[in-house]
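A short worksheet on the structure shown next.
The values are calculated or read from the model by the stated rules, or taken from the named source; none is laboratory data. These numbers come from a predicted model, not from an experiment. Glycine also receives a Cβ, built like all others from the backbone with ideal geometry; neighbour counts cover every protein chain displayed. Surface accessibility is based on the protein's heavy atoms, side chains included, excluding ligands, DNA and RNA. Shrake-Rupley method; radii C 1.70, N 1.55, O 1.52, S 1.80 Å.
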Amino acid sequence: MRTSFIPIIAFVTIIGALGYIFISEPSNNANRDSIKSKIKSMPNFRIQALVETSSGSMGIMSDTTIRATGKPTVVNFFASWCQPCLAEHPLLMEMALNNQIQVFGIAWNDNSEAIQAWIAKHGNPFFLVGIDNESIAGIEWGIAGIPETFFLDKKGNVQFVHIGPLSRETMQNGLQAIKATTPENP
Amino acid sequence: MSIEIGHYALVLALCIAIALATLLPLGLLGKNAFCRHLTATSSLARPLASAMFILCLFASAMLIRAFLLSDFSALLVWQNSHSSKPMLYKFAAMWGNHEGSMLLWVLVLSLFAMLIAFFTKSQHAKQSPLTTLTLSIQSAICALFLAFTLFFSNPFARAYPVAADGMGLNPILQHPALAIHPPLLYLGYVGLSAAFSTTIAALILNNISNEWARATRFWTLLAWVFLAAGITLGAWWAYEELGWGGFWFWDPVENASLMPWLLATAALHALMSFIKTARIRAWAILLVLLAFSASMLGTFLVRSGILVSVHSFASDPLRGIVILLCVTIVTASALALFAWRKNTENSTNLKPFPLLSREGAQFINILLLSCCCALVMLATLYPLFFEFFTKRSIAIGPPYYTAVLTPFFLVIVTALGILPALGWRRSSRKQIIRHASIVAPIATGSGIAVFLVANYSASAAIAVAFGIWALIGAARTKGAPGVACAHAGIAILLIACASASLNDVEKFRTMRVGNTITLNKGTSSTKLELKNIFTKQGSNYNELGARFQLNSKNTLTPAIRTYIPSGIKTTEASINRTILRDIYVTIATLDERSSDSSTKNRDTISVRVRKKPLMFWVWAGAAITIFGGILSLIPRNLLKRRLQQ
């Protein structure tokens, strides 16, 4: 008679033990932010780039390296066709006014005419714009999509990554992480 | 917009599931015309069950549409797809992740709800209470998992800002077999829910009858066929795609699909005994309940990421807890109902059945299969508990399973081989001895033959002898072509697995272009010459490959692929197959950066060559087993009529 209760007792015991382990296992959510820390420091590779010449027009430079210049650095992935990129553009312009930091842009999946037109229309916050049509830089940096912004300290180590358009708050956090002051409070 | 429509369809499906689950039992309780109308399968149940299925199908179609169009505004698509992915895999990406696979799970649940509403024939009245209640319980399970999907793993969540491109799919998962492996496996897992619902309904009605047994046998067999096909496809994928050199690894996720299959196999035999002799009743009920519970537990184990294995995709604690709760609610209430019914029934004193009879043999088979399942479960969960209590990790590998399961399996196979000499309820010892005296010498002889001639190891030769014993037994089984076929498949599988995994030859070496590698086993030898090393560009990967000359006709070209969006590498095995053996070649690179396109002038490579005897028959045996299951699904008299024509 009593044997008919064995299955349910066994089942409840196993499930209880499983549940207990599951609840007390803290390691399960550790890899939630792993995407953000895919790279630790600036990857080294060569890229075609757009640079503002002394006359104010844009020129194409082949085989450029984007590397740390001894200043805290911000690297922004964008494209002329990307609406959220336009939304964060004023904040990048603001950062460009700060001489303590260097702002690089990498145009992802775009062409140089469209980038030039876009920059001419909305302003150029970038020291240099890398053109990444084959997604080489995108893979090296491990971007999830655009816009995505990397904040690197003086030594070129990635301290803060933001996926999506910057807000004032995320920008402040990023700059704080690389120990650069914002233009408002120098 | 289509994403929102899909989401809405799923919400509507949940409402219908709740309506079906609550209205149908109400209709059963009442006696007036309205209630009768409510329970008539044609008037309410069928349209509602169909609507539920169609809504789930629509929701899935909307999600697949988003994947095909690479609509990265859907969070799930962004996380799991990539615009450069081939079309087939965009399609398959729908179920290559947690949320999508839950939607697939729910879709199959609702499919079976509809099948129950349409196909379960009742012999007497138009509305059998068993069918009505079965549908209601199936809908309740549907509602539970629909609610889970909607509230805890919504596949229709939006992403903002919209990303330019997706984060890709694990390229290991890019294989045609994988595109259909999960749907098949889910049809199997979830198909068991129909048997489960039928059994719960019968327990509630306190009506464990032949009607119940026949319906349950049908659903269990259907699910069994799908499960077997899904498991086989998974093994095939591991062998052909992952380049692991084997087909079964006792990986926790593989075990999660094997456990319900073992229980379903046991349940089928118990149900057959019940139909024929009205014996082994409690076991039949319990095994059907446990089989579906095992498939739900399997889902929990896989989906929660609690077991770290090659398969774990998901890791979200809250979600894991909620799945565990769902499993507990369904299973615990089922087992409680079973215990209560079993406890209150008047146990009529039935005479013990003879061991030497069909039901006796089946009872042994049921017991041993249940033990096998328990041992597999123990080994699957043990590392988890061990790690929790000692903070050290262990892995339980093939040696455990081989040592522990082999004796059980050999006894099962022995019982299988003796089947043609056994009758229901009775047996003649003379017949058994006559059967054994013919078959045993042949089996022993073939065992000795492969030991001496084909250089088999002793253990493999023993396995072959048992396999031949079972094969002849299966061939002599009369009256049930499906059973004979399935048993023959199992026997072939035993012989082939023993040959392929106990008698394989393997060599691992670094080779230069022009070198040859030789595999020796007994009298036969195989030579492979490395012709050249090449690089190639695929649609979304770079490939480093090597070409080997096997003989004048055949070349082998194993490769390593590096997928572009993620940089993940996969091994592409190259296989030369005849019905007697597989030559299986994989390559590896010793240094990390060597599969880049920059190393065009490399001339050395690490090569692993394996020769696996009778590997073809592993797949053939599995196919024959599955075919036997399909054959048994066709009603007996229909089959007879066809054969007579």
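At a glance:
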| item | result |
| --- | --- |
| Percent accessible area from carbon and sulfur atoms, the protein assembly as shown, protein chains only, probe 1.4 Å | 62 percent |
| Prolate/oblate/rounded label for region A:39-177 (Cα gyration tensor, a/c 1.5) | rounded |
| All-pairs Cα distance distribution in region B:458-557, expressed in whole percent, bin size 5 Å | 2, 11, 13, 12, 11, 10, 11, 11, 9, 6, 3, 1 |
| For the protein assembly as shown: rounded, prolate or oblate by the Cα gyration tensor [a/c cutoff 1.5] | oblate |
| Long-range amide H partners of residue A:48 with built H, under 5 Å | A:63, A:64, A:131 |
| Spatial separation of Cα centroids for region B:366-440 and region B:220-238, in angstrom | 20 Å |
| Unsatisfied cross-links (Cα-Cα over 22 Å) in the set B:521/B:569; A:40/A:71; B:430/B:640; B:85/B:612; B:391/B:569; B:536/B:612 | B:521/B:569; B:430/B:640; B:85/B:612; B:391/B:569; B:536/B:612 |
| Kyte-Doolittle at least -0.5, axis length at least 30 Å by Cα - qualifying DSSP helices, chain B | B:2-29, B:46-68, B:98-119, B:129-152, B:176-204, B:210-240, B:252-277, B:281-304, B:317-344, B:358-390, B:429-452, B:481-502 |
| Rounded accessible area per residue of region B:47-108, 1.4 Å, Å² | 30 Å² |
| Stokes-Einstein D for chain B, Kirkwood Rh over Cα pairs, 37 °C, 0.692 mPa s (µm²/s) | 122 µm²/s |
| Inter-chain Cβ neighbour average for residues B:617-626, partner chain, 10 Å | 0 |
| Where B meets A: accessible area buried, both sides, 1.4 Å probe, Å² | 2900 Å² |
